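S.K.: Attaching a single structure in structure tokens format; questions to follow.
The values are calculated or read from the model by the stated rules, or taken from the named source; none is laboratory data. If you're wondering where the values come from, they're calculated on a predicted model, not measured in any experiment. Virtual Cβ from ideal backbone geometry, glycine too; neighbours counted across all protein chains shown. Ligands, DNA and RNA are stripped out before the accessible areas are found, and what is left, the full protein with its side chains, is counted by its heavy atoms. Shrake-Rupley method; radii C 1.70, N 1.55, O 1.52, S 1.80 Å.
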Amino acid sequence: MMAAIRFFCTCRGDHMKTTQIIAIILISLVWAAAASALDVQLSWDPNSEADLAGYKVYYGVDGLTTTEVQDVSNQTIATIAGLDPAKNYSFAVTAYNTSSIESSYSNIVTVLESVPPSVSISSPGNNARVSDTVLISASATDNVGVDKVELLVDGVLHSTVTAEPYQFSLDTKTLLPGAYSITAKAYDAAGNIGTTTISLNVVSELTPPTVSCSVPVTGSASGSVTVSCSAADDVAVTRVEFYINNVMGAAVNTIPYQYAWDTTSIPNGQYTIAAKAFDAAGNVGVSADNIVTVFNDTSAPTVSIVLPANNDTLSGTVSISASASDNVGISKVEFYLDGILKATSNGDLYSYPLDTLTTTNGSHIISAKAYDAAGNIGVSADSIVTVFNDTSAPAVSIVLPANSGTLSGTVSISASASDNVGISKVEFYLDGILKATSNGDYYGYLLDTLTIADGTHSIAAKAYDAAGNIGQSGEILISISNVPPPVAFTITDAMLALQIAVGRTIPTDSERTLLDVAPYINGSSVPDGKINVNDVIVILAKITGKII
Ligand SMILES: [Ca+2]
Ligand SMILES: [Ca+2]
Ligand SMILES: [Ca+2]
Ligand SMILES: [Ca+2]
């Protein structure tokens, strides 16, 4: 550290005893930071006496009562190093001659302490936003003493305070909104100056908007979620910003303050929703946090056909069933036949009845789709089935008895039946009334004709297949005759009748002769004298004229 001080020394040279340095003039004084040691450079006018031997520099703190001295020989320049910049130093120079006679002090020059006050602005903070009247508080200290503190706004002196507290009242209403530099300048008695500068942002008002938000979901949020905020301000809300996990998602300038938050492009998990509301002065209100759990179901259900099994053959109405599961839940299961939607099942049991008669015989594909609430779709493997419905009726015909036959006693009734699939039973009808059912390989039964009246009867059969198709046979007509064989009446029978007619066991010869026993059968004479069963017997009693 170098301070250069130049003295002009005018020394009268006539008498060394009275040698005087009559003028020492400071020509320069330079030093660096006060915190470091100070070097002061002195120079002075030379003494012109012939016996000059040298110079001595005297210096002391706060005057020359107590001094240090340095003999600097006959140089007219000296550097006093290592001084404390926090102290006031006084300097003087003497000249001495070859007889060691020393002059009195030259003029005394003083170097004041060079430590500036330290000053800071404690409030408001740097870059603070202010409005109306702002109290600016500064603190200033100095190694010696603070004389005054000045407040400058954008470099222009605003006011001065000479004693603590160093507080300044700044009316910002006289300022246009914007940034201003605020400088506090502290002076000490030595004229050292400490400064500090902050920036203040002058705004029209400082009341921030209020804002609160809601996310109208319960439980997990998914898809597009509407975040709604309400905001109010003493002047006007100019903007609401929406934040998801502290990252702005949207800014809205007008009511309604709503944000359609798309949750489908973010990972599932917990999110913090908040909003900031701004007014024209730049004041910001921040909402409370809303914690939302996002869950978007991206897993499709699994589904499989349980019934029918692959390669099953189906007929009639069959139950189609599926098994389905999902990480969240099944909303519905659709059943497809050959790719065409046939049924939708919403309940716990995923099934429906398929009437295979509504489709063609042959190979068909059964499949199912399962949906979850998020619209994910699981598709089952195909179940390949064969539909076969028997629509062909059996053929049936009566084998025995032959048509138009005459029957008596117990006779066999039989039929022949065939079907494209198989006969399940054959029914036998007599005169339209079911008489017997045959399930075995042989379609027949025994008819006891004695249980029915003699005469003409009809016989028919019906053949059934497993599908309920019925084949009807042709009708067979039979004649039943169970009358005993006719018995021939003889002359003996006629004699018996004569005996009954005459009232004697042995008719007389005359009666034998005169009575003619002439059988008439059904109104006709029977020349051979025989009477058949059921014939009407007419006995003529010529002798008595009686007719029996
Ligand atoms: Ca000072
Ligand atoms: Ca406001
Ligand atoms: Ca799912
Ligand atoms: Ca059939």
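S.K.: Do you know the relative contact order of segment 175-315, to the nearest whole percent, from alpha carbon pairs under 8 angstrom that are 6+ apart?
M.R.: 23 percent
S.K.: A further question follows. Could you report the accessible area of Val235 in Å², rounded to 10, computed with a 1.4 Å probe on the protein chains as they sit in the structure?
M.R.: Here the accessible area works out near 100 Å².
S.K.: Hey, what did segment 118-202 get for relative contact order, percent, Cα under 8 Å, at least 6 apart?
M.R.: Relative CO of segment 118-202 lands at 38 percent.
S.K.: For segment 118-202, what is the Kirkwood hydrodynamic radius in Å, using each pair of distinct C-alpha atoms?
M.R.: Taking the inverse mean of 1/r over all distinct Cα pairs, segment 118-202 comes out at 12.7 Å.
S.K.: Follow-up question, since we're still on this one. Determine the relative contact order of segment 292-410: mean sequence separation of Cα pairs under 8 Å and six or more apart, normalised by residue count, in whole percent. Intermediate results must be reported in sequence, preceding the final value.
M.R.: Values: 247 pairs, mean separation 37.7, N = 119.
Across segment 292-410, relative contact order equals 32 percent.
S.K.: Continuing with this model, one more query. Keeping every protein chain in place, order Ile193, Ile121 by accessible area at 1.4 Å, biggest value first, i.e. largest first. List each step's numbers first, then the result.
M.R.: Details: Ile193 75, Ile121 25 Å².
Putting Ile193, Ile121 in descending order of accessible area: Ile193, Ile121.
S.K.: Based on the mean of other beta carbon atoms within 10 Å per residue, what is the order of 413-421, 51-59, 284-292, most packed first?
M.R.: Going by the mean number of other Cβ atoms within 10 Å, highest first, we get 51-59, 413-421, 284-292.
S.K.: While we're here: When ranked by the protection proxy of mean other Cβ atoms within 10 Å per residue, highest first, what sequence do the peptides 245-251, 74-80 form?
M.R.: In decreasing order of mean packing, 245-251, 74-80 become 74-80, 245-251.
S.K.: Separate question: Report, largest value first, the span of the C-alpha coordinates of segment 304-408 along each principal axis, in whole Å.
M.R.: 81, 23, 18
S.K.: Let me ask something else about it. Using 5 Å bins from zero, what percent of all Cα-Cα pairs in segment 395-480 falls into each bin?
M.R.: P(r) over segment 395-480, rounded to whole percents: 3, 16, 28, 25, 14, 8, 4, 1.
S.K.: Give the cross-link partners of Lys425 among the aspartates and glutamates, using a straight C-alpha distance below 15 Å as the criterion and excluding same-chain residues fewer than 8 apart.
M.R.: Asp441, Asp465
S.K.: Give Lys342/Lys462; Lys87/Lys185; Lys56/Lys87; Lys185/Lys276; Lys56/Lys148 a once-over and call out the pairs whose C-alpha atoms are over 29 Å from each other.
M.R.: On the way: Lys342/Lys462 38 Å; Lys87/Lys185 21 Å; Lys56/Lys87 21 Å; Lys185/Lys276 38 Å; Lys56/Lys148 39 Å.
Beyond 29 Å between Cα atoms: Lys342/Lys462; Lys185/Lys276; Lys56/Lys148.
S.K.: Per residue, how large is the accessible surface of segment 299-375? Use a 1.4 angstrom probe and give square angstrom.
M.R.: Details: 3960 Å² over 77 residues.
Ligands and nucleic acids excluded, the figure is 51 Å² per residue.
S.K.: Across 10 Å bins from the origin, how do the percents of Cα pairs in segment 323-370 run, short distances first?
M.R.: Over segment 323-370, the share of Cα pairs per 10 Å bin runs 25, 49, 21, 5 percent.
S.K.: Can you pull the Rg over Rh of segment 185-257, Cα-only, Kirkwood?
M.R.: For segment 185-257, the value is 1.35.
S.K.: Check cross-link reach from Lys332 to the aspartates and glutamates: straight Cα distance under 14 Å, and skip same-chain residues fewer than eight apart.
M.R.: Asp348, Asp372
S.K.: Hey, could you get me the Stokes-Einstein D for segment 210-294, Kirkwood radius over alpha-carbon pairs, 37 °C and 0.692 mPa s, rounded to whole µm² s⁻¹? Show your work: numbers first, answer last.
M.R.: Values: Rh = 12.9 Å.
Diffusion coefficient, whole number: 255 µm²/s.
S.K.: Let me ask something additional. With all protein chains present and a 1.4 Å probe, how do Lys369, Lys173 order by accessible area, largest first?
M.R.: Output order, biggest surface exposure first: Lys173, Lys369.
S.K.: Going from most exposed to least, what order do Glu113, Glu475 have by accessible area with a 1.4 Å probe?
M.R.: From most exposed to least exposed: Glu475, Glu113.
S.K.: If you average 1/r across every pair of different Cα atoms in segment 261-351 and take the reciprocal, what Kirkwood value do you get, in Å? Before the final figure, lay out the partial values.
M.R.: Numbers: mean 1/r = 0.0559 Å⁻¹.
Here the Kirkwood hydrodynamic radius works out to 17.9 Å.
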